[in-house]
1. With (1) in a helix (DSSP H, G or I); (2) surrounded by fewer than 16 Cβ atoms within 10 Å (Cβ to Cβ); (3) without any contact (Cβ under 8 Å) to a residue 60 or more places away in the chain as the list, and ARG1095 as the residue in question, which single condition is left unmet?
2. For segment 1029-1038, indicate whether the set of residues that are modelled with pLDDT of 85 or more, outside the structural domain of ARG66 (by TED's automatic domain parsing) and of a type in the set (Asp, Glu) is non-empty.
3. Collect the residues in segment 953-985 that are more than 19 Å from PHE1049 (Cα to Cα), in contact (Cβ under 8 Å) with a residue 24 or more places away in the chain and among the charged types (D, E, K, R), keeping them in residue-number order.
4. Taking the criterion of being among the basic types (Lys, Arg), part of a helix (DSSP H, G or I) and farther than 17 Å from ALA95 by Cβ, would at least one residue in segment 10-18 satisfy it?
5. Could you tell me whether segment 934-949 includes any residue that is modelled with pLDDT under 80, among the hydrophobic types (A, V, I, L, M, F, W, C), in a helix (DSSP H, G or I) and farther than 28 Å from LEU705 by Cβ?
6. Can we say ASP251 is part of a loop (DSSP other than H, G, I, E, B) and either closer than 29 Å to ASP803 by Cα or not assigned by TED's automatic domain parsing to the domain that holds LEU363 (or both)?
7. Of the residues in segment 163-183, how many are in contact with a helix residue (DSSP H, G or I) (Cβ under 8 Å, 6 or more places away or on another chain), without any contact (Cβ under 8 Å) to a residue 12 or more places away in the chain and either surrounded by 17 or more Cβ atoms within 10 Å (Cβ to Cβ) or at positive phi (or both)?
8. Out of all the residues in segment 822-844, is one or more outside any helix (DSSP H, G or I), among the charged types (D, E, K, R) and either farther than 23 Å from VAL357 by Cβ or more than 26 Å from the chain's Cα centre (by Cα) (or both)?
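The values are calculated or read from the model by the stated rules, or taken from the named source; none is laboratory data. Only a predicted model underlies this, so the values are computations on that prediction, with no experimental measurement involved. Every residue, glycine as well, gets a Cβ built from its backbone with ideal geometry; the counts of neighbours run over all protein chains shown.
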Amino acid sequence: MNASDHEQRTRALDTQRSFLVTAPAGSGKTEVLVRRVLALLATVNEPEEILVATFTLKATGELLARIVDALMAGRGEAPSDPLAREAWELARKAAAQDEARGWQLVDNPHRLNIKTIDAFCGSLVRRAPLAGTVGTSTVLDDPTVAYRAAARAILRDLEGDAEHAQQVEALLSHLDMRFDRAEALLVALLGRREQWLPIILAHRNRSGLRAELEGSLLSVRRDLISRCREALAPHASALVASAQWVASQDDPGIYGQALAALAEAGTLPSPTADDFPWESLAGWLTTQTGDLRRQGGAREGFPAPSGTKDKAMADARRAAKAAFKDLLEALADDGVALGAIQSLGALPPARYGETEVRLIEALLVLLPVLAGRLLLAFQELGGVDHVEVATAARRVLGSEDTPTDLAVVLDTQLRHVLFDEFQDTNEAQVALLASITRDWTPGDGRTVFLVGDPMQSIYGFRGSNVGLFLQAESGGIGGLTFECLHLTDNFRSAAQLVEWVNDTFADVFPATADSNLGITPYRPARPFQGAAAGAAVSCHCFDEATEGADEARWIAEEIRAVWKDSPDASVAVLVEQRNHLRPVLAALQAHDLPYQAIDIDPLADLPVIRDLSALTSAILNPANQTEWLAVLHGPLVGLPLEALRQVMQGGKGKTVWGRMRAALAGDLLSGDDRERLAGAAQVLGKTLQNRERKPLAQLVEGAWLALNGPSVADEAADLAHANRFIGLLREQGDAIATHEDLQRAVAGLYSRPAPVSGPAVQVMTMHKSKGLQFDAVFLPALNNRTRSQETPLLVWDRYETGDGAQHPLLSAAPAIGDDRSPLLSFLLAQQARRAALERARLLYVACTRAKRRLYLSGSFGVTDEGELRAPSASRLMGLLWSRIGEGAEIHPARDLPGADRAPADDGLRRRAHRMLPVATTGLIEPLADYAGIIAGEQAAPAMSWEPPLALAEGSLVHEILQLIARDGLEAWPDSRIVDLESQWQGQLEARGVPPFAARDVAARVVATVRAARAGDNGTWVLKTRPEAASELPLWLVDEERSVVIDRVFVENGVRYLVEYKTDRRRDGESDAAFGERLWAAHHDQVERYRDALSRLAPEPVQPCLYLPAEDLLLSAPGASRLPG
C-alpha cells in the first residue's frame, strides 16, 4: 500500500530542484533523506559533491549506516514488494555509479560527506586556519571553564588602569557590587555570544546610539500596532461606538482620555499616530491578568443604570453596557482579535529610560572586550567552543563582495547541500548556508534540500529559532527559493494515537504562523498503521499530597502489566525536567524493574561524591565550617557527634582546622576518637600546606586516598564515580575556585547507563527522546511546576517588520531592587511567549514517541470538597485539559510502604573505614601513608575518559561476563544472548559509539559472549563457586592505587586470578605465538595483582588470561596446566 503522500515523496527525488520538506513525527524523514542522497549519488562525479549536515553524531551515524546498507542491497536481487523495489531501484543506480567511478563507498564510507554542522564548520576552519584564527584548536568539552576565566579577567580590571575600568564599575554598581552575580551573568552571555555580538558591534557608534535604538523601537511598535489594528478591523465600529458613549459621559472613567481620542477620530487611529495611548485601549478591554473583561463597570465608563433616577438615562446606560458586553463576547470568540488586544497591552515603549541607556552604553564597551578576553582564555586552554568554530567558519568564506579563495573552491566542489532537522537551526547556521550558496541559482544543477518539522522545534534554549524555518518556507534563503513539500503519513503510531494527537494539538497550537514569535500552526497527520487493541491514550490524576509517590507507584505497576501482556514491549518514561523523576526512579527500584536512565541520575546525590565534594570544599576554603564538619563527621574520618562537639566547644581557633589542632594539643579527646582526629589532621595539614603549589585535583585525590576513601565506598561502582569526580577537577583546573564553582561543575555529572540482562524501562527527558519511539510511553508529572529563569544581564531580540526589515532590540537587567523597564518587560514577555509555544511543541514531541499506548499523568491539588483543581494553563497538563480532563481517571490517595519512597539519608550512611563488600573482606590491606601523593612526590594514576571502540567493546564484554557469573550459567542460554544484541547495541550508542559502528561492535560482543558461554574454558571460569568474586576491588599498596580484578575463585586449594582480554589474534598467528605476545604485554600487570593477592590470601595464587572470543585460557609461562 502506497502512502497517501506518495506523490510528495516522489517529487522530493527530483535532483534538479531545491526543496523544503516538512516532515512531521513518524513520517519517515530519515528515509526521505536517504532516498534523496541515493538519487543524487547516481548523478554526481564524486560523492564529496554532496554535503549532508546533521545536528548529532547519532543522526550522522544512522544516515551513514542506512546509505551503506542500501548500496549493498542495490547490488543484490530486486525485492518483490513494490515499495521496497522503489528504494532498491534508487540504490541500484547509485551502486552502479559507485562501481563505474570506482568510489568503493561500502569499503570507504568516509567518502560520503555526512557531517554534523559543527564538524563541517571545523573542516572549513582547518582548511584555512590563518583566516579563521581558530586553526587546529580542539573543541572543549566544557567551555564554561573559559567563559569563567574571561569573566573574572574583565571584572579584575576594576582595580587596574584599563580603558574600560569605568564601565566595569558601572556594571558592578548596577548589580550592587555583587561580583559573583556579575560573573554568572557574564558567563551566561558568553555561551550565546553568536546572537548578541553582531548586534553589539553594529551599535558601537555611541554618539548616535540612543537615536538608533529608539528608531528601532518606534518601527517595531508601529508594526505591532499595524498588525493589531488589522486584526481588530472587524470590530472597529463597535469599539468606536462604545468609546463614543464613554467619551460623552460626565465621568468617563479612568480610560476617558484614550477613548475620547478614539471617539473623535471615528475609527482606529493610524499606527503612526504615536501619541495615541493604545495600552489604555487594551486596559479598557482586559483585566490586569490580560483576560477579557466580562462586562464594563463605572471604571470603564459604564455606570450602573440604577445610579440615576432619569429613566431615559438608565435605559441608555443599560443599552451601552449591553453593547459593550456584546463587543467583549465577540472579541472572545475571535482568537486573532483577542491576541491583538493582549499585544496592545504589552507594546514596547517608544523611548529608552536613562538608567537603561547608561547600562547599555557600558555593555557596548565591555562585551566586545569580554569576547576578546575569551579568545585569550581559549588560547591558554588550547581549545575553543562550537560557537567560535562556527564564527570562524563564516569568516573563512569571506563576504559576498570579497569571497575568499576557500569560498571559490567550495563553490566548485559542492553541488548539493542537504540539511537535516532544519527547524533547529540558528541565525549563524542559516547565514553559513547562505554564504555557501550565495552564487547558486535555480536551474544551474546545484540544489539545497532542507527537511524538518517546525512542530518539533524544541531547542530554543540553545539558540535555535523556528522562525528561520518559516522565513525559508515563505521567502527562501539568500537568492534561493524552495518548492515546499508536506509529508503527512505517520508510519509509527497506531491510528487512534494519530487521530488523538490531531484532535488535541489542533487546539494547542495557534492557528496562524508568525516568524517573529516562532508560531507554527498544527499540521495534521494521516495514520498509515491500523488501529491498536484497547484504548490508546489515558489520563490519570493523583493527589499532590503524596508528593508524586502514588503516581510513581501506579506507573511501576502499569509497566509490570505492560510487560506481562507483551514481554518484549519497549517502554519509556519521559519528563520535562530531571527533578520530576525522583519518585519514579524510587518506585522502579522498589518494584525491581530494570531501567536505564540517560543523563538522569545525578552523581552529586551519591554518598561517595558528597564525601569528595565536602573534602574539596574544605580544601578550597579552610573557613568553610559546614564542609569541614561534614568531612570530620562523615565516613572519611568518622568522628562521633559528641567528639565533634568537644572539638568545637573546647578547642580554640577561628576555623575548624584551628580547633582541630588545639584539641590535639590538649586532652579533649582520647582513644579511638583522638586517633581518628590525629590521622585526619596529618593528612589535611599536608594538603593545606600544598594548596598554592599543587593542582586541586591532585590535592583532593591524595587526601581522599590517604583518608581511606576507596575502602569506605558502598560498592565497586563508587570507585568509578570517584574517578569521574577527580577527572572533573582535573578538567576544570583553576575554574573551580569556590564552593559555588564546585557545585555548578558537579551538577553536570550523571551516572552512565549500566548493562541490563533483559528489557529495561528507558528513562529520559522529553528533549532526549527526540527521534526515538517506544511501544508504551508514560508522561508523568505533567502538572508539576517548572523552574523560572533568571533575568539575563543583556536581553536582545530581532524583530522583522512587515516590510522585511530586521530591527535589533536591546535592553538590560534592572539594578537590584529596581523594577523592570517597559522595554525589558516587553522583551521578556516575547521570550516567555516563545518559551510557552516551545513547551507545547515539546509536549507534541513527547506524545508522538508512542507507537501503541500513551499514558498521561500528574498530581493535582484537591479542594475542601474533594474536587481536583483544574491545572493552570502554564502547566503541560493545562494545555491538554480541555481535551482529556473529562475522561481522566482519578486515583484516591493511598499510603505507600516506605520502600516506594526515595530513601532518606540520616547523615551516617556508612561506618568510617568500613571495608569493601563482604565477598572481599580480608583481601584488602590497610592503606598506607599517602603524604607522597599529596605533596606531589608521586603521581596519582590517570584516567582515560574517552575510550576507543575496542575499549567500549571490552568494557561491555566484561560487564556481561560479570552478569553471567552472578546469575549462573543456566540463566544465560544461547537464545537469550542472541536476543539481547539490539539492546547491547543501544547501550554502546549511549556510551558514545556511533550507531554505524555500534552495530558491528554489538555483533562482535554477541559472538564473544556466545563463545565464552558455550566453551569449556568459559564454563570453568564462570561457573558458580562459594568463594568466587567478579570485579573484585583490590588496593595495590606499593603503587598506591586501586584496581579491579575480573574474576577470582578457589578450586582444589588454588586461588585463580583471571583477567579477561579482548585482544585479537593476528593473521596466521599460532596459539603459542599469540599466548607469548599476550603475556609479554600483560605479564607485569598480572604479576602485580598476583603479588598483592598472595600477601592477603592463604592459598597459592595462579594468574591466567582468558580470551572469551576464542574461549582460550592462557596460564603464565612456566605455570602448571590449568584444569579448564
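1. (3)
2. no
3. Within segment 953-985, GLU953, ASP974, ARG976, GLU981 qualify.
4. yes
5. Checking segment 934-949: at least one residue is modelled with pLDDT under 80, among the hydrophobic types (A, V, I, L, M, F, W, C), in a helix (DSSP H, G or I) and farther than 28 Å from LEU705 by Cβ.
6. So ASP251 passes the test.
7. Summing the residues that are in contact with a helix residue (DSSP H, G or I) (Cβ under 8 Å, 6 or more places away or on another chain), without any contact (Cβ under 8 Å) to a residue 12 or more places away in the chain and either surrounded by 17 or more Cβ atoms within 10 Å (Cβ to Cβ) or at positive phi (or both) in segment 163-183 gives 0.
8. Taking every residue of segment 822-844 in turn, none turns out to be outside any helix (DSSP H, G or I), among the charged types (D, E, K, R) and either farther than 23 Å from VAL357 by Cβ or more than 26 Å from the chain's Cα centre (by Cα) (or both).
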